[in-house]
Amino acid sequence: MSILSRLRAYHALLAILVLVAYFGADWHRLHAWVGYGVAAVILLRLGMALSGSPQLGLSRFYPQFSGLTLNTLATHPLISHSLLLGIAICLLGVTGTGIVMDGGRAFGLARPAAVGAMPDRPAATAPAVSGRERDESPESGEGERHEGGEGDRDSPLGEAHQLFATALMAFVATHVAYLLLFKRPLARFMIFIPARKAKP
């Protein structure tokens, strides 16, 4: 497989995983597992960058200003590199905060504390749980969907996770629109559409 084909395959896999994670956020277990999948793909991409190939290097994420003029502004690498850098920062942020929030639950390494339990007190001596809290607990009907994730979403870390996710989607949408407007041949290649044959 050629270098560009490997890059395209990585790109497609990452895009699918990110979309599944974003739109499956209400299903905690699926969301967590896909998030770990995204982390694995990021590590794979870093390994590809160490291969020494210029097409796979991390320089694609560094904005470059050489050759920038008003005439070349729309198609200058500065824009595409800046968008890729924004995507990379948000992707690392949302993945890192997600892994910290999960705390190994997806692998069965950590169990969420009982509702209302204090860190230094056993669950049996925890204060009484209100009806509303009981309805929102993992034992309720929503347990399969939110399994320990609701409390995390309201924490500063959870808010940062959501902020990174929202910013990531904005960068991705801008990236796609930019490629379709100004670099259509590259966009067609990356989404597996054959190049148009030149008319004789």
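The numbers here are math on the coordinates, done by the rules we state, and not lab data. Everything numeric in this text was worked out from a predicted model, so none of it was measured. Counting neighbours? That spans all protein chains shown, and the Cβs are built from the backbone with ideal geometry, glycine included.
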(request) Estimate the FRET efficiency between LEU163 and SER2 by the formula 1/(1 + (r/R0)^6), using the beta-carbon distance for r and 30 Å for R0, to the nearest 0.05. (result) 0.20
(request) Taking 7 Å along the Cα-to-C-beta vector as the label spot, tell me the ALA177-PHE23 distance in nanometres, rounded to one decimal. (result) 2.0
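May I ask you to derive the FRET efficiency for SER51 and ILE89 from their Cβ-Cβ distance with R0 = 25 Å, giving the value to the nearest 0.05?
On the way: r = 23 Å, r/R0 = 0.91.
The computed FRET efficiency comes out at 0.65.
Can you work out the FRET efficiency for the pair VAL100 and TYR10, with r the C-beta to C-beta distance and R0 = 30 Å, to the nearest 0.05? Can you show the working numbers first?
On the way: r = 25 Å, r/R0 = 0.82.
Taking R0 as 30 Å, the efficiency between VAL100 and TYR10 is 0.75.
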(request) Describe numerically, in nm with one decimal, the distance between label points set 7 Å from Cα along Cα→Cβ at PHE192 and at ALA74. (result) 3.1
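Which order, highest average first, do 2-13, 90-101, 20-31 follow once you tally other Cβ atoms within 10 Å for each residue and take the mean per peptide? Write out the running numbers ahead of the final one.
Values: 2-13: 13.8, 90-101: 19.8, 20-31: 17.6.
Packing order, densest peptide first, comes out as 90-101, 20-31, 2-13.
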